[in-house]
Amino acid sequence: MSTPAEIKPGWPPGAAPDSEMVSFRNDRSPSGMPREGFSRLHDRAPRGSAVWGACDTTELPIEVWGQYPQKFLPWATKLLRCAPSEILHLCSGALPPSTGRVRVDIRRGVNPDVVADARRLPFASDSFDGVMLDPPFSIEYARDLYGTEYPRPSHLLAEACRVVKPCGRIGFLHFLVPFPPQGCRLESIRGITTGCGYRIQAFTVFEKHQDSLFAQPPAEEMPIE
């Protein structure tokens, strides 16, 4: 399996790969924590939500930051056009065991089905009907809230494209709208927020190309004598 540095990111000519490195150096609380995690760190009540209600995380051996808003997942699943039980969840965090087909996270303490780096998955190609990704949104989020390295969206999407079946879809939640990975096309982009005072995120959906039914052009028909 290729290492992340060897994976072709799928950025078009002229695009700067560093533009996918999100950092909020000037948007930090005095403690150094990203502001959206500061209230929770000090056990303050979350702000009111105008659109989707914020989910509280389940009881886990370690503290887990972030989770899909309430009712977001059923809505997002419809955009992937596959059964919820057939979805591979990458960077799954606090998702409960009943969610999807397989939950993958690099942190053993969140009790995923499979402990793995989402950039190097232990699955065969073309294995899943759909893939959902909810990675850390910035360098600070990855380091301060999750204790992990910031994964480049292009590396995550390259591996998601490998394991999703032809015509399968990939849903990607992030502050960035990434370029389509090689072998996929952009299907849709939707803005996601839970209300005023919250950052808006993008839910981007890609679809994997269907290869031709023929590996090569069919041979010419032999003349009938």
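Would you confirm whether or not region 75-84 contains a residue that is assigned to a helix (DSSP H, G or I), in contact (Cβ under 8 Å) with a residue 40 or more places away in the chain and surrounded by fewer than 18 Cβ atoms within 10 Å (Cβ to Cβ)? Lay out the reasoning, then the answer.
Step one: list which residues in region 75-84 are assigned to a helix (DSSP H, G or I), which gives 75-80, 84.
Right, trim to in contact (Cβ under 8 Å) with a residue 40 or more places away in the chain and you get 76-77, 79-80.
From what is left, the residues that are surrounded by fewer than 18 Cβ atoms within 10 Å (Cβ to Cβ) are 79.
The answer is yes; a qualifying residue exists.
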Identify, by number, the condition in (1) assigned to a strand (DSSP E or B); (2) touching a strand residue (DSSP E or B) at 6+ places or on another chain (Cβ under 6 Å) that Cys161 doesn't meet. (1)
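Going by the conditions given, is Arg169 touching a residue at least 24 places away in the same chain (Cβ under 8 Å), in a strand (DSSP E or B) and either more than 18 Å from Thr77 (Cβ to Cβ) or small (Gly, Ala, Ser) (or both)? Spell out how you get there, then give the answer.
Numbers: touching a residue at least 24 places away in the same chain (Cβ under 8 Å): yes; in a strand (DSSP E or B): yes; either more than 18 Å from Thr77 (Cβ to Cβ) or small (Gly, Ala, Ser) (or both): no.
The answer is no for Arg169.
Please tell me if Ala118 is closer than 24 Å to Cys82 by Cα and under 15 Å from the mean Cα position of the chain (by Cα). Break it down stepwise before answering.
On the way: closer than 24 Å to Cys82 by Cα: yes; under 15 Å from the mean Cα position of the chain (by Cα): yes.
In short, yes.
Conditions tested, residue by residue: (1) in a helix (DSSP H, G or I); (2) among the aliphatic types (A, V, I, L, M).
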| site | (1), (2) |
| --- | --- |
| Asp117 | no, no |
| Leu121 | no, yes |
| Ser125 | no, no |
| Asp129 | no, no |
| Asp144 | yes, no |
| Pro151 | no, no |
| Leu157 | yes, yes |
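Condition (residue is under 16 Å from Thr204 (Cβ atoms) and part of a helix (DSSP H, G or I)) applied to region 177-192: is it met by at least one residue? If you could, list the steps in order and put the result at the bottom.
Step one: of region 177-192, the residues under 16 Å from Thr204 (Cβ atoms) are 177-192.
Those left that are additionally part of a helix (DSSP H, G or I): none.
Within region 177-192 (the criterion being under 16 Å from Thr204 (Cβ atoms) and part of a helix (DSSP H, G or I)), the answer is no, since none of the residues qualifies.
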Does Ala202 fit the bill of being modelled with pLDDT of 95 or more and either under 13 Å from the mean Cα position of the chain (by Cα) or in a loop (DSSP other than H, G, I, E, B) (or both)? no
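Quick grid of which residues meet (1) surrounded by 21 or more Cβ atoms within 10 Å (Cβ to Cβ); (2) in contact with a Pro (Cβ under 7 Å, 6 or more places away or on another chain):
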{"site": "Ala118", "(1), (2)": "yes, yes"}
{"site": "Ala124", "(1), (2)": "no, no"}
{"site": "Val131", "(1), (2)": "yes, no"}
{"site": "Asp134", "(1), (2)": "yes, no"}
{"site": "Tyr141", "(1), (2)": "yes, yes"}
{"site": "Glu149", "(1), (2)": "no, no"}
{"site": "His155", "(1), (2)": "yes, yes"}
{"site": "Cys161", "(1), (2)": "yes, yes"}
Residues of region 205-225 being at pLDDT 70 or above and in a loop (DSSP other than H, G, I, E, B), which ones? His209, Gln210, Asp211
Name the single residue that is modelled with the lowest pLDDT among those in region 175-194 being under 18 Å from Lys78 (Cβ atoms) and among the small types (Gly, Ala, Ser). Gly191
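The values are calculated or read from the model by the stated rules, or taken from the named source; none is laboratory data. What you are looking at is a predicted structure, and each value in this text was computed from that prediction instead of being measured. Quick reminder, even Gly has a Cβ in these numbers, built from the backbone with ideal geometry, and neighbours come from all protein chains shown.
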